Amino acid sequence: MDLAFILEKLVLIAVIIVISLLVALYTTFGERKVAGYIQDRYGPNRAGPGGIFQPFADGIKLFMKEDVIPSSSNRFLFILGPGIAMTMAMLTSAVIPWGNEITIAGRTISLQIADINIGILYVFGVVSMGVYGIMIGGWASNNKFSLLAALRGASQMISYELAMGLSIIALLMLTGSLSLKTIVDQQSTGWWNFFYQPLGFLIFLICAFAECNRTPFDLPEAESELNQGYHQEYSSMKLGFYLFAEYVNMFISSALMSTLYFGGYDIPFVNDASMGQSIGTNWLAVLQAVSLFAKVGFFLFFFMWVRWTIPRFRYDQLMKLGWKGLIPLALFNMVITGLIVLIKENGWPF
Amino acid sequence: MPINSYIFVAIALFSIGVIGVLTRRNAIIIFMCIELMLNAVNLLLVAFSKMHLADAANPALKVATNGADGQLFVFFIMVVAAAEVTVGLAIIVMMYRNTHSVDVNFLNRLKN
Amino acid sequence: MVPVLLILIPLITGAALFAIRQEAMAKSIALLASLVSLAVMLAGMSVWNDAAHLTYNQSWIGALNSRFHFALDGMSQLLCLLTTLSFPIIFYSTWNNQYPDHNRFLGLMLLSQAGLLGVFMSMDAMLFYFFWELALIPLYFLSSRWGGEKRIQVTIKFFVYTFLGSLFMLIGLIMLYFKAGGSFAWADFVKLNMAPREEMAIFLMLALAFAIKMPLFPFHTWQPDTYEQSPTPVTMILSAIMAKMGIFGLLRWLAPVVPAATYQWGDNFATLAVVGMLYASFIAMRQDDLKKLVAYSSIAHIGLMILAVFAPSYSGLQGVMIQMFNHGINILGMWIVVNVIEQKFGTRKISELGGLAQKAPVLTILLVIVALANIAMPLTNAFIGEFMMFNGVLGSTATNFGVAYAVAGIITIILGAVYTLKMIQKVFYGETNALTANATDISFNVQLSLAIIVVAILLIGLFPNPMLSLTSDLSEQILGRMNLK
Amino acid sequence: MNAIILSAILGVVLMFSGIFVSNKVMLKNIAIAGMVLLLAVNIIEMNGFRVFDVNTRNMLQFNRFGLLFNSIAFAATLLYFLLSARDITRVGINVAEYFALIFFILCGVALVSSFNSLLMLFLGIEIISIPLYILTGSDKRNLKSNEAALKYFLMGTFSTGIMLMGIALIYGAKGSFSLDTIAATINQGRDAWFYAGLLLLLISMAFKVSVAPFHFWTPDVYDGAPTVFTSFMATIVKAAVFIGLVRLFDIIFATSGTDWKLMVAVLTAATLLVGNITAIFQQSVKRMLAYSSIAQAGFMMFALFSINSYSKEGIILYALGYSLATVGIFAVLVKMKDYTFEGFNGLARTQPVLAATTTVFLLSLAGIPLTIGFFAKYFMLASAVKSGSHLWLVFFAILMAVVSVYYYFRVIQSMYFKEGAAETEPVSSGFRWLLIGVAAVIILLGIFPNMVLQYLYF
Amino acid sequence: MNLFLLQNAVAASTAVDYLPIALQIICAAGFVGLTLGISPFLGPNRKTAEKLETFESGIHAVGNARQPVAIKYFLVAVLFVLFDVEVIFFYPYAVNFRELGWNGFWAVLMFVGFFISGFYYILKKGALQWED
């Protein structure tokens, strides 16, 4: 543990945070553009060519707004809420491998901030903390709509977290490891986990939608029922953080799905190792990162696509799907996976 | 890190929990303090587990076990804590619905 | 055989009586049962007088090595005879008493009879403890249910006192049990040789129980109240028989088992006994209530017996043993009279009565004889006992204060004579008053009961030898254990 | 093993029968049938046959001591069901769940009576405790019940935390949760942790069995809980935790010197003192019984104080005697309209059978000879005498036993010697006969204790 | 006693492995804190009583928002706690699934059985009935 190591990690962290913020920024823009296309209209097109600077305009606008904290709210918690939401959104990226190692000046640098052996547990741990952001914000506002929305959001998120946790167990049985890096390495043959775990992926995908409060599960901010949802009382950058956290989460869950089920930074149809020998590891890492971002981009687009296609669920339908649909399905998936793997490896038990 | 640091942290957390239980009047906070105590124990158990694991690798010490059961215990504590949370919160909610308070001043109410 | 019958007859009858509602029927059955056990007892002392009939020894609690071991040796015979003789007399003399739930009353009485007999016959400490309590519990219920106004407080006091004593005794017995290598048998206990400290501890625990039961000053405070508040038949049992349990305990379970400690502590207890005797006598002089008067006189008499036990000699111990019987008979007679007076006049105040001799001559004659026996006039049974006891105390080699004790004893005898005669004088002689003006003589059942007692008094007073021969073995044994022979 | 698995299964079965069966009488009968089955299966195991044979990695050890206690606990519960099942169905609407929870508690009881690892002790205690929290608060509309549940819960989890700290320290010192290993390495290394752990463990167990000065929750909780459940809590559960404590002491403490004896003696004396003295001043029979249960716990502490064969036999006998009598008394108490002493005035006239049997139960609790309660106390005192040290405790105990007579007999006085017309709920003749049966068993065992004692040699 | 836990399956991590995570937490929290600290000073500051009131669809706010809410939310939370803990038990199993073989599978199948029966129980009890 020397200074260089810390420095190198700090740089990596800064880069990844900046990237994820940028991606999130441009996802908002992309969202509006996609919505425009799907609804046969333009979307933002004034700021810069094709509206390319629109996200910055929005961001600066939020910064410059008046910061209002309602007098009847709990001041400390009111500020803490969006803080938690944003911080937690930015933490998950720590365990995602963005590419293989690169070598700069003789130092081998991993494009993963931390390769810890409980990576998936870390992800779940951080994601669970996200609930607090919503819950605290909604409660601190002391607004009936906010509170109700926060409750809905919290119960929705914890419900789907359960199914998510279960769905990933089948995957773990295949990989035998909780480290994301290991999981990615295992998929480098091209046989992505998606092909072994289609059902698991489907469940994970649905849960990811719900965790990010994306349509069709955007009940916490169902404006037709709850005005603006849990961040109703927020303004200025606090509101910005809530909105932003959502997009960062989207980005991270896309990355996670890519990593877990679609080979992560593995470049499809190509043997990465041999390619690395031909073009050098540094370039390979760049290509891998590009590959990963391509996958992420697809999922981000998928998020938007679904948003403008499928209408919102009713609350009871949402809970019913989560509890009565996904949880048993995930269990079923787990048992079947175990059964098949064991039969394949150990033969019939009887 | 040396085992003593873990023990100090665990004992400190535990003591904070105990003091909280003994001094606070709000049922929820008391409950949280109890959870703190449980988690202090979890930390301690894991630390000890690691310590015994290291001891087991050292044949000079001749320890009986490999230290894994300490972690096993932690799992059970978590389960039991979850069950306690469930029941405890239910009781607190029930209480709140009847009295609109979670203040633990039962000493002067139950006596009569 | 005999012991089992003696216990089972009252036990079963007593339990059965709870189901029999008709009063007359219940009374008859109770009397019959008590007569049958008397008959069995008499048979045991005559035709079945051999070891096979008089002992019974079966395994009981194997885990604790405790046995159903009953034996009727001389002292047991005397006390069982007293018990079996007293109960018919009690039942018969109180035939006309009216109690609510009379059948239960009689049933509990019989249960306590079973307990008393068991106490006197047990040769196993656990068994002894069992019957000790079995005798107590029915009496508690009897007194609490049918007693006087303050009965509830008084009887709980009585119960708590005696229960405390018996628990101490239990601890003592448990210690003996471990000392005897896991045996409760009396035969094993009397073989023990313990260190002085251990003996002392055990002695104190057992002595406390017996002292409360007898009662010995200063543990007597429950007694006058209880005697007063209990219904008279219960008082009869308490004073005629139950008080003997304590002395019996001293003779059976204390002196032979822990002889050295008995010897060592003898003077202390003897002194207490003397103090108690004097105290009780002086209190008795000032009593206006007949029951209390008899109660205190009982303390005084019992005190003399305790004195003789703790200042032992052959003559003294023999005296104690027959005096137990004699005092039981005598005090029973006194209580019968008290009962008659209470039933007839509804009061027990000496000051409210007077001139009964004119109205009830038979009662008076019988009472005077009983009273004379009570103050140990020669030719009566008590004279034999008390004379032997004084003789024993004076001649005891176990104490240096024999003379002082004897003098104190004589004083109490004199005081006893004073208050007894004063009572007779006040109640039976003098002028009749409004209350006693219309009194009639006693009914046949009381006459018969008192007559039996008087006959017994005179008989023993004239021919004490058969009784003395019954108990000589045990006396020898005790003295032998105490190295006083 | 049979009992542990079957009771858990039965609990689940009852939970589900609550869904499919709405008839309360039917549920009651299912529960009783399950209880009979459980008892039968346990007795089968006592005779050496295991229906379920699971490798517990020596975390559980099924010996005669534990199995016999299980049988007694199950028999007492069966009796409790027979006497009070109808009252259980009246507590609230979730009838099946009440029974299910009781079965789960019995699972915990079976665990606690046979643990050989601190993990199992912890699990057993928690499996007992958590359902009890629910049962305590099962009278949802009653504020007293709510508060009792909250208080019990907070106290219970607090003591659990302390217990866990103790276990963790012991683990730190010994590297194992197995009692065998701990006992084998009793004087090796890290003694400070070990003794601190033991102390904490002892304190937490003292909480659970309401030993003074950790008893303060007991009266309020017993008073606030629905009376039927108080009965269960005060008897079977309490005895079970004591059995667990005895196992713990037997294996660990008995091998680690005698330094702890004075401490246990002081705890015992304090428990006896607090329980008995406070019980005297109670106006409600239910509260009196709550304090008396503390006092009885004091007597059971003797088994810990004097770890020897006598105490192990004695604690089983004590559990039996105490459970029988207390279940009986509470069954009667549930039927009473008024729980104060005045409410019992004249019960002998209105309900002679109830009064008579209650008298027997009270005599047994007071430890009067001719009842099983006497032998229970006898064994406790004898074990202490045998152990030889701290005899003052024995004398203190008998003083307190005498004090206990005072308040137990107060009920008898009310029933028999005082005027009044005690009101009761309607009582069926079956209930009466059952009470008579229990009283008969108490007396029978009081006269011929050999019937149980012969099983008690360990 | 051979116990399979998370740590046995993969190479043990050391404290150093977690240092980057700590760094990232510091960075993220620093960024968020900084932004939240600055933003109030950037905008205008014209507070009025009306503005500081909570929004209730244009009318004046009535009463306190923090009132007891439907028990169902609470129920979901409690069920989550319970089931989540059960899910945790699957993780060590999943990681060591191959080593444990069929024996482990049957044991887990039993566990799943309990899980399902508990699940079925709460379903039947109507704990998840959202349609009133």
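Tell me, yes or no, whether the stretch C:105-121 has at least one residue that is more than 25 Å from C:ALA19 (Cβ to Cβ), open to solvent by 10 Å² or more (accessible area, probe 1.4 Å) and more than 12 Å from every other protein chain (Cβ to nearest Cβ). No, every residue in the stretch C:105-121 fails to be more than 25 Å from C:ALA19 (Cβ to Cβ), open to solvent by 10 Å² or more (accessible area, probe 1.4 Å) and more than 12 Å from every other protein chain (Cβ to nearest Cβ).
Screening D:THR357 against (1) within 9 Å of chain C (Cβ to nearest Cβ); (2) surrounded by 23 or more Cβ atoms within 10 Å (Cβ to Cβ) leaves a single unmet condition, (1). Counting only helices (runs of 4 or more DSSP H) that fall entirely inside the stretch D:219-335 and contain at least 2 residues that are closer than 29 Å to D:ILE4 by Cβ, the qualifying elements are D:227-232, D:238-251, D:285-305, D:309-335. Contact map, the stretch B:46-57: residues that are open to solvent by 50 Å² or more (accessible area, probe 1.4 Å) paired with residues that are at pLDDT 80 or above and in a helix (DSSP H, G or I), Cβ distance under 7 Å, separation 6+ or inter-chain. Pairs shown: B:VAL46/B:GLY70; B:VAL46/B:GLN71; B:VAL46/B:VAL74. The set of residues in the stretch D:22-57 that are open to solvent by less than 40 Å² (accessible area, probe 1.4 Å), modelled with pLDDT of 85 or more and either more than 18 Å from D:ILE102 (Cα to Cα) or not in a helix (DSSP H, G or I) (or both) contains only D:GLU45.
Tell me whether the stretch C:195-218 contains one or more residues that are under 28 Å from C:LEU110 (Cβ atoms), assigned to a helix (DSSP H, G or I) and open to solvent by 10 Å² or more (accessible area, probe 1.4 Å). No: the stretch C:195-218 contains no residue that is under 28 Å from C:LEU110 (Cβ atoms), assigned to a helix (DSSP H, G or I) and open to solvent by 10 Å² or more (accessible area, probe 1.4 Å).
A count restricted to the stretch A:201-228 and to residues that are within 12 Å of chain E (Cβ to nearest Cβ), more than 16 Å from A:ILE310 (Cβ to Cβ) and either touching a helix residue (DSSP H, G or I) at 6+ places or on another chain (Cβ under 6 Å) or open to solvent by less than 10 Å² (accessible area, probe 1.4 Å) (or both) stands at 2. Considering the stretch D:140-177, and only residues there that are polar (S, T, N, Q) and more than 8 Å from chain B (Cβ to nearest Cβ), the residue that is farthest from B:PHE76 (Cα to Cα) turns out to be D:ASN142.
Of the residues making up the stretch E:21-53, those that are over 30 Å from A:ILE120 (Cα atoms) and either in contact with a Ser or Thr (Cβ under 6 Å, 6 or more places away or on another chain) or among the charged types (D, E, K, R) (or both) are E:SER39, E:GLY43, E:ARG46, E:LYS47, E:GLU50, E:LYS51, E:LEU52, E:GLU53.
Checking the stated criteria, A:ILE336 turns out to be β-branched (Val, Ile, Thr), over 24 Å from the mean Cα position of the chain (by Cα) and either closer than 29 Å to A:LYS181 by Cβ or surrounded by 14 or more Cβ atoms within 10 Å (Cβ to Cβ) (or both). Would you confirm, using the coordinates I've provided, whether D:ILE280 is open to solvent by 20 Å² or more (accessible area, probe 1.4 Å), in contact (Cβ under 8 Å) with a residue 60 or more places away in the chain, farther than 18 Å from D:PHE330 by Cβ and not aromatic (Phe, Trp, Tyr)? So D:ILE280 passes the test. Are any of the residues in the stretch D:291-307 hydroxyl-bearing (Ser, Thr, Tyr) and under 20 Å from D:LEU453 (Cα atoms)? Yes, the conditions are met somewhere in the stretch D:291-307.
If you take the residues in the stretch C:451-485 that are part of a loop (DSSP other than H, G, I, E, B) and open to solvent by 70 Å² or more (accessible area, probe 1.4 Å), which one is farthest from C:GLU386 (Cα to Cα)?
C:ASN483
Comparison of E:LYS72, E:LYS51, E:LYS47 shows that the only residue that is over 30 Å from D:ILE5 (Cα atoms) and in contact (Cβ under 8 Å) with a residue 12 or more places away in the chain is E:LYS72.
Across the stretch A:111-134, a minimum of one residue is classified as assigned to a loop (DSSP other than H, G, I, E, B) and more than 10 Å from every other protein chain (Cβ to nearest Cβ). The listed residues are E:ASN45, E:ASN103, and the only one of them that is out of contact with any helix residue (DSSP H, G or I) (no Cβ under 9 Å at 6 or more places or on another chain) and more than 7 Å from every other protein chain (Cβ to nearest Cβ) turns out to be E:ASN103.
Only one entry of A:LEU12, A:LEU25, A:LEU21 meets the criterion of being more than 11 Å from every other protein chain (Cβ to nearest Cβ) and in contact (Cβ under 8 Å) with a residue 12 or more places away in the chain, and that entry is A:LEU25. Counting only residues that are within 19 Å of C:ASP101 (Cα to Cα), surrounded by 16 or more Cβ atoms within 10 Å (Cβ to Cβ) and within 14 Å of another protein chain (Cβ to nearest Cβ), how many does the stretch C:17-61 have? Total satisfying the criteria: 1.
Residue under question is A:LEU166, and the condition is that it be open to solvent by 10 Å² or more (accessible area, probe 1.4 Å) and at the interface with chain E (Cβ under 9 Å from one of its Cβ atoms); does it hold? Judged against the criteria, A:LEU166 is not a match. Here C:VAL257 fulfils each of the conditions (1) open to solvent by 10 Å² or more (accessible area, probe 1.4 Å); (2) modelled with pLDDT of 85 or more; (3) not in a helix (DSSP H, G or I) apart from (1).
Can you confirm whether the stretch E:77-92 contains a residue that is assigned to a helix (DSSP H, G or I), open to solvent by 70 Å² or more (accessible area, probe 1.4 Å) and under 30 Å from B:PHE76 (Cβ atoms)? No, every residue in the stretch E:77-92 fails to be assigned to a helix (DSSP H, G or I), open to solvent by 70 Å² or more (accessible area, probe 1.4 Å) and under 30 Å from B:PHE76 (Cβ atoms). Criterion first (crowded, with 21+ Cβ neighbours inside 10 Å and touching a residue at least 40 places away in the same chain (Cβ under 8 Å)) does C:TYR227 satisfy it? The answer is yes for C:TYR227.
So that you can scan it fast, the table gives a plain yes or no per residue for (1) more than 14 Å from every other protein chain (Cβ to nearest Cβ); (2) surrounded by fewer than 24 Cβ atoms within 10 Å (Cβ to Cβ); (3) at negative phi:
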| site | (1), (2), (3) |
| --- | --- |
| D:SER311 | no, no, yes |
| D:THR326 | yes, no, yes |
| D:MET336 | yes, yes, yes |
| D:ALA384 | no, no, yes |
| D:LEU391 | no, yes, yes |
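For the residues E:VAL112, E:VAL78, the requirement of being within 8 Å of chain A (Cβ to nearest Cβ) and β-branched (Val, Ile, Thr) singles out E:VAL112. From the list E:THR35, E:THR54, the lone residue that is modelled with pLDDT of 70 or more, outside any helix (DSSP H, G or I), within 7 Å of another protein chain (Cβ to nearest Cβ) and under 29 Å from the mean Cα position of the chain (by Cα) is E:THR54.
Checked against the criterion of being without any contact (Cβ under 8 Å) to a residue 24 or more places away in the chain and either part of a helix (DSSP H, G or I) or more than 20 Å from the chain's Cα centre (by Cα) (or both), the stretch D:59-74 has no qualifying residue.
Take the stretch A:185-195 and flag every residue that is under 14 Å from A:MET257 (Cα atoms) and either away from chain E (no Cβ under 14 Å) or at pLDDT below 85 (or both).
A:GLN187, A:TRP192, A:PHE194, A:PHE195
The values are calculated or read from the model by the stated rules, or taken from the named source; none is laboratory data. Quick caveat, the model's predicted, so the values are computed rather than measured. We place every Cβ from the backbone using ideal geometry, glycine too, and count neighbours over all the protein chains shown. Heads up: the accessible areas ignore ligands, DNA and RNA and are worked out on the full protein's heavy atoms, side chains in. Shrake-Rupley method; radii C 1.70, N 1.55, O 1.52, S 1.80 Å.
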